[in-house]
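Step one of this worksheet: look at the structure below.
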Amino acid sequence: MARAIWTGSISFGLVNIPVGLYSAVSEKTIRFNQLAKGTSDRIRYKRVNENTGEEVEFHDIVKGYDVGDGRYVVLTPKELEAVEPSGSRTIEIEDFVDQVDIDPIFYNQTYFVAPKTEAAGRPYALLIEAMRKSGKVGIATFVMRSREHLAALRVNGEVLALETMYFADEIRDPSREIEITQSGEPPRERELTTAISLIESMGAKWDPTNYHDRYRLRVEELIGQKLQGEEVVASNPVDRDTNVVDLMEALRRSVDRVREDRSGGEAGAGEGAGKAAAKAAAKASSPSKTAKAAPQGEQLVMMTRDELYQLAQDIKVPGRSKMSRDELVEAVANAQARQAS
C-alpha cells in the first residue's frame with residue numbers, strides 16, 4: 001500500500017474529514033547517474049562554504065532571503081512555522097465552482113485524497129456524491145512542505161482528486177512574454193475550410209493508452225543495444241529541407257494523407273492520426289508487401305519523425321535511435337534502395 005505524503009483534513013462548512021494525500025502519478029523518466037569518465041565511480045556533491053571551501057553539515061545551514069548588495073534576511077524554521085496560516089493541516093474549501101471555468105494552465109500536480117479513518121468514510125462519500133450531482137469542484141487552500149497551495153478538489157471515479165494550482169500572480173501574461181507577428185490579413189475562407197476539414201479528419205475519441213513516450217522507448221532500446229555489445233552508429237547531420245510549401249497545398253496534402261491513412265481497415269476510427277500513420281507505414285514496409293507499396297521519395301519527406309522511426313525499426317536501420325528526422329529520411333531511403341537492388 002502507498003504511504004500518504006501528507007495527512008490532515010478536508011473542511012467544508014462545519015464538516016471535517018480526516019484524509020491523506022497520495023501521489024496520483026508515477027513518472028517513468030529514465031534517470032542517469034553521473035560517473036567519472038572511464039570508471040563506474042559515482043559523482044557526489046557536497047555542501048560547501050563558497051568562501052572557505054569547507055563542507056557544511058546540513059544542520060548548520062539556514063535559510064536566507066537575498067535583499068541585494070550581498071545582504072540576506074535569515075529566517076529560522078521556527079520563525080517560518082510561526083507565520084504559517086492557522087489550520088495548516090486543513091484543506092479548507094472556500095468555494096465551489098464549475099470545472100469548465102478553470103483554465104488548465106492553473107493546474108500543477110495531481111494527488112489522490114483518501115479518508116484516514118473508518119468514521120471519515122461516510123462524510124467522504126457524501127462529499128463525493130454531492131459534488132458529482134452538483135457538477136462542482138471545490139477550491140481550497142492548504143499548507144504542504146512549508147508552502148501554501150491553492151487546490152481544486154474534484155471527483156475522480158469513486159475517489160477525490162486534488163490538483164495543486166498556481167496562484168493568479170504566478171501565471172504569465174502572454175502579451176508581455178512573447179511577440180507574435182501578425183500577417184495583417186485574416187485567414188482565407190478556403191484555407192479555413194480546409195483547416196477545419198483537417199481537424200475533423202484527425203478527430204478521435206480520447207484514449208490515453210494510444211500515446212507513449214517514444215523518446216523513452218528509444219533510449220531504452222539504445223541502452224539495450226549497448227548492453228548487448230551492439231554497435232551504435234551515429235550518422236552525420238544533413239541539411240534540413242528549406243523548400244517552402246504553400247500553406248493551402250500543405251493543408252490539402254495533409255487532409256489527403258490523413259484520409260488515406262484512416263481509410264485502411266487497420267486504422268480504426270478511434271486512433272490518433274500519428275498512430276494510424278505509423279501503422280500504415282509499418283504495414284507498407286512489411287516483407288509481404290511489394291517495394292512499390294512502401295513509402296518512397298516524397299512520401300518519406302512528408303512523414304513525421306515517429307513514423308519514420310517506426311519504418312526504420314521495421315527494416316532494421318542501424319543507429320536509428322540517434323537520428324534526426326532528416327537523417328531518418330535519408331537512412332530509410334538508402335536502406336530501401338539497397339533492398340531493391
Between Gln182 and Lys63, how many nm apart are label points set 7 Å from Cα along the C-beta direction? 4.4
Which shape class, rounded, prolate or oblate, goes with the stretch 29-124 when its Cα gyration tensor gives a ≥ b ≥ c as root eigenvalues, a/c under 1.5 marks rounded, and past that a/b bigger than b/c marks prolate? prolate
When only C-alpha pairs under 8 Å and at least 6 residues apart count, what is the relative contact order of the stretch 106-226, in percent? 23
Test of understanding: what is the full-extension gain from Ile196 to Ala130, defined as 0.36 nm times their sequence separation minus their Cα-Cα distance? 19.9 nm
Taking Lys78 as the anchor, which aspartates and glutamates have their alpha carbon closer than 18 Å to its alpha carbon, excluding any fewer than eight residues away along the same chain? Asp60, Glu148
Violations at 29 Å Cα threshold for listed pairs Lys37/Lys322; Lys37/Lys316; Lys28/Lys226 -> Lys37/Lys316
Can you tell me the length gained on complete extension of the stretch Ala333 to Arg47, counting 0.36 nm per residue apart and subtracting the Cα distance? 97.7 nm
Can you give the local net charge around Glu55? Use residues other than it whose beta-carbon is closer than 15 angstrom to its beta-carbon, Lys and Arg +1, Asp and Glu -1. -1
Determine the shape class of the stretch 119-213: with a ≥ b ≥ c the square roots of the Cα gyration tensor eigenvalues, call it rounded for a/c under 1.5, and otherwise prolate if a/b is greater than b/c, oblate otherwise. oblate
Which ordering of Leu308, Leu222, Leu227, Leu21 is given by a fewest-first count of other beta-carbon atoms within 10 Å? Leu227, Leu222, Leu21, Leu308
Label point distance in nm, Asp103-Val83, each placed 7 Å from Cα along Cα→Cβ: 2.9
Net +/- balance of residues flanking Asp95 in space, Cβ distance below 13 Å, scoring K and R +1, D and E -1: -3
At R0 = 35 Å the Cβ-Cβ FRET efficiency linking Thr209 and Asp173, nearest 0.05, sits at 0.45
Two-site label geometry, Ser40 and Gln299: point separation in nm, points 7 Å out along Cα→Cβ: 4.8
Let a ≥ b ≥ c be the square roots of the eigenvalues of the Cα gyration tensor of the stretch 167-216; is it rounded (a/c under 1.5), or, if not, prolate (a/b larger than b/c) or oblate? oblate
Extension length gain for Ala340 and Leu217 (0.36 nm per residue less Cα distance), in nm, is 41.3 nm
Within the stretch 35-60, list the residues whose amide N lies under 14 Å from a label point set 7 Å along Cα→Cβ of Val74. 57, 59-60
In the neighborhood of Thr76, defined by Cβ-to-Cβ distances under 15 Å, what is the net charge if each Lys or Arg adds +1 and each Asp or Glu adds -1? -2
Rank these for me by crowding, Met144, Met323, going from fewest to most other beta carbons within 10 Å. Met144, Met323
Check: the stretch 30-184 dipole with +1 on Lys, Arg Cβ and -1 on Asp, Glu Cβ, in debye: 700
Order these by the 10 Å Cβ neighbour count, fewest first: Trp206, Trp6. Trp206, Trp6
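Since every read-out is calculated from the coordinates, none of them should be taken as a lab result. The model shown is predicted, which means the values in this text are computed figures rather than measured ones. Heads up, the Cβs are rebuilt from the backbone with ideal geometry, glycines too, and the neighbour counts pull from every protein chain shown.
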